[in-house]
Structures are given as structure tokens and as C-alpha cells.
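Here is the structure we will look at, set down as C-alpha cells.
The values are calculated or read from the model by the stated rules, or taken from the named source; none is laboratory data. Source: prediction; values computed, not measured. Don't worry about glycine lacking a Cβ; one is built from the backbone with ideal geometry, like all the others, and counts go over all protein chains shown.
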């Protein structure tokens, strides 16, 4: 596509699982190598839910969460961690924490999460989020794994895009 990773403005993380966060480690390495070579690069913003960097596990021993703490992320990126929706552009909305309003999806935990107070609890992936693009023809939802449930995501996207448009 001809886009340099050194020119990124923002990185949006849908949630804190390894397949969504572990790519940040080689990206940081790429930035550091560029800086050592004297090349200029932006310090992009990471947009995500505040739980995105928390430790997660499955079966009490496998790490499936971010390898980077909030402090490490903040050294390399400008952080915009929010449970609330954030407008990224005029027509592009990060949803933040998606309301779980129905009883037929997103009901089972996916492993454990270690809270900031060091208490481990069931992980219902409250950090799972999505993007909403407001086009002239309606809303377009851009999602990752949809752990929050696609029906919950659609309902919250409609509600959030309408509320924040006022």
C-alpha cells in the first residue's frame, strides 16, 4: 500500500488479546531502529479501552493478554484509553466499552483477567470495542472479534453515533 509504519497517526486496538496487541512489540522495535538510524517518526496515538493492557490467561498458565504494561505503552505511544466513545475523525467513532443489553450473546467468560488491584476474575472482555464509520448511506461497523456480541455492537453503535451527533 506504500504506507510507512513510521507515519501512523493512530492505532486502534479492539481488545487486549495477544492477536491484537503482540504486534506492538515489533512495531516499537521498528520505531527504535528508525530513531537510531536518525529517521524521523511520529509517536502515534493508541486508542483503546483502559483494560487493553491488563494481564489475561487461560487455564491458569497461558498468557493471552498484552505483553506491554500501560507504562511501557506510554513510553512509545500517546495513549487515549477510554470506556467512553471517542471521535477519531468527523465520521469515525471508537465505541469504547460496548453495552451488553441482550441476554443471548457475550454471556460466557473467556479466561481470566488480572485487575489493577491484583484480583483475578472471569474475563468477559469488557474492553472489546469496535469502530463506526458514519457514511452518507448509514453506519458502517468495523469490528475485530466481536466478543461483545454483534447485536450488542450494532445497538451501541446506533445509540452512540446518534447521541454524539447532537
**Q.** Matching entry among 96, 65 (being touching a residue at least 24 places away in the same chain (Cβ under 8 Å), surrounded by 14 or more Cβ atoms within 10 Å (Cβ to Cβ), at positive phi and under 13 Å from the mean Cα position of the chain (by Cα))
**A.** 96
Q.
I'd like the full set of residues that are over 30 Å from residue 134 (Cβ atoms) and within 16 Å of the chain's Cα centre (by Cα), limited to the range 99-123.
A. 113, 123
(Q) I'd like to know if the range 130-141 contains one or more residues that are loosely packed, with under 14 Cβ neighbours inside 10 Å and in contact with a strand residue (DSSP E or B) (Cβ under 9 Å, 6 or more places away or on another chain). (A) yes
Q. Looking only at strands (runs of 3 or more DSSP E) that fall completely inside the range 67-166, which ones have 3 or more residues that are at pLDDT 95 or above and closer than 18 Å to residue 16 by Cβ?
A. 78-81
